[in-house]
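This report refers to the structure that appears directly beneath it.
The values are calculated or read from the model by the stated rules, or taken from the named source; none is laboratory data. Since this is a predicted model, take the numbers as computed values, not measurements. Every residue, glycine among them, receives a Cβ derived from its backbone with ideal geometry; neighbour counts consider all protein chains shown.
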Amino acid sequence: MATIPVARPTLGEEEAAAARRAILSGWVVQGPEVEALEKEFAAAVGAPLAVACSSGTAALHLALMGLNLGPGDEVITVSHSFIATANAVRYVGATPVFVDVEAETGNMDPGLIEAALTPRTRAILAVHQLGMPCDLGRILPLAAKHHLALVEDAACAVGSEISLTAGVWEPIGRPRGDLATFSFHPRKIITTGDGGMITGRDPKIMARLAKLRTHAMSLSTAERHGAGKVMFEAYPEVGYNYRLSDIQGAVGREQVKRLPQLIAPRRVLAARYHEAFSRLSQVTVPQEPAWARSNWQSYWITLTPQALQSQVEVMQALLARGIHTRRGVMCAHREPAYQDLPLRQPLPVSEYLQDHSIILPLYPDLTEAEQDQVITAVREILT
């Protein structure tokens, strides 16, 4: 039986040729291809500066290090996200403080932030979940009012857009706060196999992050290579091996070129799902606010009380028809690693979305016939 995956990366001869170019150059670790990717990615998202690293998780970790967060500090964020969001806060020794999300977008509810603040709160880590822009129009003033740093976890959101001024659309990635981070995992819009990117404005912070990804080494390989004399590096602080290879950098450059062509069909497919399911009483569909344009990295439906089947039952029935799905976004606070972390607020919406949402197949190469197969199957199973 032919199967329909939940996601599929779009890679072709251009990426293969780019990888070959890097391999044959003899410089395969972080080098000129990565440097070029940083400049081209920054230009694509309207950011002044960008630093590439080995994963979206590494990008988050470095971003929080760049803001000098540590033990005793608290970071307001969401449990309703891949566990890397909360883990990165703990990597630096800080404490994640979870607030609930909005049912329509799956993003942080700005109205709950102030109740979660304490004198130890140092930052807000806002997630653009599954590519849907979060409400920065309300979060940014709160961060400024309480003198908090703001990091955008944009792992899924390259190519998404937001309008903070009427009639003006800007890409997610030009940090409205301090830093933004991205993932190049195969399920994301663009991929390098794995990898990540940090965008920012402050040259000093970005220069430090560029060093931290290479064990905080004082001299880069390129600097030593081009010095023309013997030079020895120093290691002024504890850093990490978070480099991106030049093979990945070369692939990423081709993916950035494809970005508009990767997003356009996703928006068409999301609109077809929306039309098919928006009047089905057994589910609700995600709502794109008037000030947001999602890249639709994923499309999800949420079962309502009118649905007679559970999330697992629907997913299993779809799998029996060769259609792969994923459950709704996880909640970190429900995982064993976070059982010791007391909740400051209840998280009923986050928990409901995890238990009742289903992520459907969506990728640029999904044909209308395949999507119709998914739509028909969902309707038949639910009705």
If you go through ARG253, ARG266, the only one that is under 30 Å from LEU37 (Cα atoms), assigned by TED's automatic domain parsing to the domain that holds PHE41 and either modelled with pLDDT of 95 or more or surrounded by fewer than 17 Cβ atoms within 10 Å (Cβ to Cβ) (or both) is ARG253
Yes or no: ILE189 within 22 Å of the chain's Cα centre (by Cα), of a type in the set (A, V, I, L, M, F, W, C), over 30 Å from ALA17 (Cα atoms) and buried (at least 17 other Cβ atoms within 10 Å of the Cβ)? no
The lone exception for LEU69 - which of (1) buried (at least 22 other Cβ atoms within 10 Å of the Cβ); (2) assigned to a helix (DSSP H, G or I) it fails: (2)
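Yes or no, residue by residue, for (1) touching a Pro at 6+ places or on another chain (Cβ under 6 Å); (2) over 30 Å from SER54 (Cβ atoms); (3) in contact (Cβ under 8 Å) with a residue 24 or more places away in the chain:
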{"position": "ARG90", "(1), (2), (3)": "no, no, no"}
{"position": "PRO96", "(1), (2), (3)": "no, no, yes"}
{"position": "VAL101", "(1), (2), (3)": "no, no, yes"}
{"position": "GLU104", "(1), (2), (3)": "no, yes, yes"}
{"position": "LEU140", "(1), (2), (3)": "no, no, yes"}
{"position": "ALA144", "(1), (2), (3)": "no, yes, no"}
Among (1) under 11 Å from the mean Cα position of the chain (by Cα); (2) assigned to a loop (DSSP other than H, G, I, E, B) - the single one ALA180 does not satisfy: (2)
ALA307 - would you say it is touching a strand residue (DSSP E or B) at 6+ places or on another chain (Cβ under 9 Å) and either more than 16 Å from LEU362 (Cα to Cα) or of a type in the set (Lys, Arg) (or both)? yes
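Residue-by-condition table, conditions (1) touching a residue at least 60 places away in the same chain (Cβ under 8 Å); (2) of a type in the set (A, V, I, L, M); (3) surrounded by 21 or more Cβ atoms within 10 Å (Cβ to Cβ); (4) out of contact with any strand residue (DSSP E or B) (no Cβ under 9 Å at 6 or more places or on another chain):
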{"position": "VAL6", "(1), (2), (3), (4)": "yes, yes, no, no"}
{"position": "GLY46", "(1), (2), (3), (4)": "yes, no, no, no"}
{"position": "SER55", "(1), (2), (3), (4)": "yes, no, no, no"}
{"position": "VAL78", "(1), (2), (3), (4)": "yes, yes, yes, no"}
Can you find a residue that is over 20 Å from TYR299 (Cα atoms), part of a loop (DSSP other than H, G, I, E, B) and not aromatic (Phe, Trp, Tyr) anywhere in the range 130-141? no
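Filter the range 206-240 down to the residues that are among the charged types (D, E, K, R) and either in contact with a Cys (Cβ under 6 Å, 6 or more places away or on another chain) or in a helix (DSSP H, G or I) (or both), then identify the one that is surrounded by the fewest Cβ atoms within 10 Å (Cβ to Cβ).
GLU223
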Could you grab the pairs with beta carbons closer than 7 Å, sequence gap of 6+ or different chains, first residue in the range 364-383 and surrounded by 14 or more Cβ atoms within 10 Å (Cβ to Cβ), second one among the small types (Gly, Ala, Ser) and part of a helix (DSSP H, G or I)? ILE375/ALA276; ILE381/ALA317
Of the conditions (1) surrounded by 20 or more Cβ atoms within 10 Å (Cβ to Cβ); (2) under 24 Å from TYR240 (Cα atoms); (3) not small (Gly, Ala, Ser), TRP27 clears all except one; give me its number. (1)
Given the options PHE232, PHE182, name the one that is among the aromatic types (Phe, Trp, Tyr) and touching a residue at least 24 places away in the same chain (Cβ under 8 Å). PHE182
From the option list LEU280, LEU318, single residue qualifying as more than 26 Å from PRO110 (Cα to Cα) and in a loop (DSSP other than H, G, I, E, B) is LEU280
When the residues of the range 155-171 are filtered to those that are part of a loop (DSSP other than H, G, I, E, B) and free of Cβ contacts under 8 Å to residues at least 40 places away in the same chain, which remaining residue is surrounded by the most Cβ atoms within 10 Å (Cβ to Cβ)? ALA166
For the range 348-363, enumerate the residues that are buried (at least 20 other Cβ atoms within 10 Å of the Cβ) and not β-branched (Val, Ile, Thr). SER350, LEU353, HIS356, SER357, LEU360, PRO361, LEU362, TYR363
Taking the stated definitions as given, is LEU341 touching a helix residue (DSSP H, G or I) at 6+ places or on another chain (Cβ under 9 Å), buried (at least 16 other Cβ atoms within 10 Å of the Cβ), touching a residue at least 24 places away in the same chain (Cβ under 8 Å) and in a loop (DSSP other than H, G, I, E, B)? yes
Those residues of the range 357-376 which are part of a helix (DSSP H, G or I) and of a type in the set (S, T, N, Q), in sequence order: GLN371, GLN373, THR376
